[in-house]
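Colleague: This is the structure I have questions about; it appears just below.
Read the figures in this text as sums done on the coordinates, not as results from a lab. All values reported here derive from a predicted model rather than from experimental measurement. Cβ placement follows ideal geometry from the backbone for every residue including glycine, while neighbour counts extend to all protein chains displayed.
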Amino acid sequence: MGKTRKSDLKKMIGARIRWARARNGITQETLAEESGLSRNTISLIEAGRKAARLETLNQIASALDIQLFELFRTEDAKDAQEYLLLLVSGCSDREMHVLIEIIKTVRTQIAFLMR
């Protein structure tokens with residue numbers, strides 16, 4: 001995965017955390033206390049300057065009373081495409097083949113449901 005993609009992902013997750021925190025009307029200090037992290041760590045993650053482990057993101061999501069997946073949700077097709085590229089980068093050929101088959105199946109099911 002290239003440096004730009006990692007940076008974009010960190011910024012996207014940081015923005016999601018900042019948005020959820022603001023929506024809940026809490027400060028970085030409060031989020032830090034409720035998640036068991038330092039305020040400095042919260043600040044760095046929100047700014048996209050620090051990569052957070054999945055366990056850390058789960059602590060933050062829990063403190064924000066949101067599901068972990070919401071930190072990875074994308075809003076538009078361009079974001080979704082970039083996010084998919086981030087997810088599949090580094091996959092083996094076999095993994096990529098399996099993912100393609102899954103996507104084909106899901107698309108077929110979506111088309112069926114949207115009739």
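Colleague: Cα-based count: Lys pairs in the chain below 16 Å, eight or more positions apart or different chains?
Modeller: 6
Colleague: May I pose another question? So how do 43, 89 line up by other beta-carbon neighbours within 10 Å, fewest first?
Modeller: Ascending Cβ contact count within 10 Å gives the list 89, 43.
Colleague: Count the net charge of all other residues whose Cβ sits under 12 Å from the Cβ of residue 67, scoring Lys and Arg as +1 and Asp and Glu as -1.
Modeller: 0
Colleague: Same structure again: Per DSSP H run of n ≥ 4, the term is -39500 (n - 2.57); total these for the chain, divide by its residue number, and report the mean residue ellipticity at 222 nm rounded to 500 deg cm²/dmol.
Modeller: Helix-only estimate at 222 nm: -22500 deg cm²/dmol.
Colleague: Quick one: order 114, 96, 12 by neighbouring beta-carbon count within 10 Å, fewest to most.
Modeller: Values: 114 6, 96 11, 12 20.
In increasing order of surrounding Cβ atoms, one gets 114, 96, 12.
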